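A.B. asks: Encoded as structure tokens, here's the structure I'll be asking about.
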Amino acid sequence: MDIFVARQPIFNRKNEVVAYELLFRNGQNNFYNNTNGDEATLKVIANTFYTFDFKDITDNKKAFINFTEELIKKEIATILPKEYVVIEILENIEPNDEIVDACKRLKKRGFILALDDFVFHTKYIKLIEIADIIKIDFKITTGGERKKVFELKKINNKIKFLAEKVENKEEYDEALKLGYSYFQGYYFSKPIVLSRKNIPTNKDTAIKILKLINKDDFDFNKLEELIIKDLGLSYKIIKLINSSAYCLKNEVRSIKYAIALLGRKEIIKWLYVVLLNDLKENNTDELIKVSLQRAKLCELICNMSEYKNNVYSAYMVGLFSVMDAILNCSIEVILKELYIDDEIKEGLIEKDNYLNKILKLAINYEKGQWENVEFYTKEIGANDNKLAEAYIDAIKWADEVVS
């Protein structure tokens with residue numbers, strides 16, 4: 001399944017790109033199709049941070065992302081790196097005390113706040129007082145309105161103005177003359193649509209996780225058990241931990257460690273974003289079933305070998321072994337984005353370690369290449385009498401997971 005996100009550059013007065021606005025798209029058609037605002041933002045976040053490489057999309061620059069009233073209240077933004085994200089407060093948000101307080105908390109955390117498609121009303125004064133940027137739509141404003149907005153500096157003298165939907169040189173020159181700091185629009189560049197393959201979450205697993213995390217004191221072991229059964233979630237959580245939001249010096253050795261590192265509050269927010277996004281696009285791929293089947297088979301093989309203390313690593317090698325086919329990308333490139341144990345990486349790229357031998361045994365058994373099966377069975381000291389039973393058990397287990 002392909003996923004999409006569009007980006008449009010934002011320039012400063014020196015005509016340098018200083019940020020990108022990230023925009024929802026559900027195909028190569030370069031326009032917004034009036035999807036629910038909550039859903040659109042969740043897709044932008046999920047696609048940008050957990051499917052694409054965020055740094056590749058933004059060139060290490062800031063990302064402007066629209067936030068709805070509901071997502072501001074839920075403080076979804078706190079799962080994102082504050083150094084790179086500008087929160088755009090949509091024009092249809094009612095600036096009540098709850099919203100203002102939530103914005104103040106985000107501001108205190110270090111996020112930059114921008115008021116989108118701004119039209120002045122006294123009810124916005126409390127937001128103006130804490131905002132960093134005000135975006136003025138040049139498509140719907142006149143020269144006088146574009147100038148008068150600078151009077152808001154009397155309320156907040158640190159505020160800067162962004163001229164958006166600038167469509168010709170005359171409008172750009174006018175914005176420069178008036179003192180606007182930032183510029184965005186078709187005059188500079190139309191949004192560029194980017195696409196990549198997504199790994200959807202199994203619907204039943206997603207529902208079970210959503211039920212689990214709604215409990216006041218959910219069991220982290222149970223959550224790990226559910227996540228590890230899902231290739232998409234396992235991949236995305238490891239990729240998240242390896243993102244610019246976290247500066248890790250050691251490899252992530254387990255899903256449980258990744259969950260603990262995020263913490264209860266943040267893992268709930270992260271799962272909310274990813275699961276609701278994936279539930280909209282649920283479409284279980286046969287390759288995902290193969291990855292789960294192989295993961296379980298590698299685990300069972302490991303458990304009957306002399307390496308039985310490393311079943312988790314064996315499972316992960318099997319789980320990620322078809323990632324290149326799912327994402328249509330070389331395993332070497334994929335592994336650069338995943339901060340996992342070197343031993344697991346070596347097991348995936350045909351290094352001569354025990355994990356790779358376990359993986360080769362599983363693959364050869366799947367293909368019925370019995371001479372190779374015999375060779376690798378001896379290499380890892382496994383019980384060849386139990387291989388057939390393990391294979392059947394792995395198939396049954398994978399079918400139950402995705403059914």
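The values are calculated or read from the model by the stated rules, or taken from the named source; none is laboratory data. Just so we're clear, the structure is a prediction, and the values are computed from it rather than from any experiment. Here Cβ is always computed from backbone atoms with ideal geometry, including for glycine, and neighbour counts include all displayed protein chains.
A.B. asks: Among the listed residues Leu240, Leu212, which satisfies the condition of being part of a helix (DSSP H, G or I) and modelled with pLDDT of 75 or more?
C.D. replies: Testing whether each residue is part of a helix (DSSP H, G or I) and modelled with pLDDT of 75 or more leaves just Leu212.
A.B. asks: Is it the case, given these coordinates, that Leu338 is under 30 Å from the mean Cα position of the chain (by Cα), within 23 Å of Ile237 (Cα to Cα) and modelled with pLDDT of 90 or more?
C.D. replies: No, not satisfied.
A.B. asks: So, one more: Asp173 - would you say it is within 27 Å of Leu22 (Cβ to Cβ) and acidic (Asp, Glu)?
C.D. replies: no
A.B. asks: Moving on to the next point. Quick check, is Arg146 assigned by TED's automatic domain parsing to the domain that holds Gln184, crowded, with 19+ Cβ neighbours inside 10 Å and closer than 26 Å to Val18 by Cα?
C.D. replies: So Arg146 passes the test.
Results for (1) part of a helix (DSSP H, G or I); (2) among the charged types (D, E, K, R); (3) under 26 Å from Tyr186 (Cα atoms), shown as yes or no for each residue.
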position: Val86; (1), (2), (3): no, no, yes
position: Lys107; (1), (2), (3): yes, yes, no
position: Phe118; (1), (2), (3): no, no, yes
position: Lys135; (1), (2), (3): no, yes, yes
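A.B. asks: When you scan the stretch 151-161, do you find a residue that is at pLDDT 80 or above, outside any helix (DSSP H, G or I) and either buried (at least 18 other Cβ atoms within 10 Å of the Cβ) or touching a Gly at 6+ places or on another chain (Cβ under 8 Å) (or both), even just one?
C.D. replies: The answer is yes, given that some residue of the stretch 151-161 is at pLDDT 80 or above, outside any helix (DSSP H, G or I) and either buried (at least 18 other Cβ atoms within 10 Å of the Cβ) or touching a Gly at 6+ places or on another chain (Cβ under 8 Å) (or both).
A.B. asks: When you go through Glu374, Glu343, Glu366 one by one, which is the residue that is within 16 Å of Ser305 (Cα to Cα), among the acidic types (Asp, Glu) and in contact with a helix residue (DSSP H, G or I) (Cβ under 8 Å, 6 or more places away or on another chain)?
C.D. replies: Glu374
A.B. asks: Considering only residues of the stretch 282-317 that are in contact with a Lys or Arg (Cβ under 8 Å, 6 or more places away or on another chain), under 15 Å from Leu233 (Cα atoms) and not β-branched (Val, Ile, Thr), which is modelled with the highest pLDDT?
C.D. replies: Once the filter is applied, the top-ranked residue is Tyr315.
A.B. asks: Let me ask something additional. Considering the stretch 44-72 alone, what residues qualify as being farther than 20 Å from Leu262 by Cα, modelled with pLDDT of 85 or more and not in a loop (DSSP other than H, G, I, E, B)?
C.D. replies: Scanning the stretch 44-72 gives Lys62, Ala63, Phe64, Ile65, Asn66, Phe67, Glu69, Glu70.
A.B. asks: Could you tell me which of the residues Lys139, Lys126 is assigned by TED's automatic domain parsing to the domain that holds Glu98 and either touching a Gly at 6+ places or on another chain (Cβ under 8 Å) or assigned to a loop (DSSP other than H, G, I, E, B) (or both)?
C.D. replies: So the residue among Lys139, Lys126 that is assigned by TED's automatic domain parsing to the domain that holds Glu98 and either touching a Gly at 6+ places or on another chain (Cβ under 8 Å) or assigned to a loop (DSSP other than H, G, I, E, B) (or both) is Lys139.
A.B. asks: I would also like to ask the following. Within the stretch 172-204, restricting attention to residues that are under 22 Å from Lys43 (Cβ atoms) and buried (at least 19 other Cβ atoms within 10 Å of the Cβ), which residue is modelled with the lowest pLDDT?
C.D. replies: The extreme case among them is Pro191.
A.B. asks: Can you work out which of the residues in the stretch 162-173 that are touching a Gly at 6+ places or on another chain (Cβ under 7 Å) and in a loop (DSSP other than H, G, I, E, B) is nearest to Ile65 (Cα to Cα)?
C.D. replies: This residue is Lys165.
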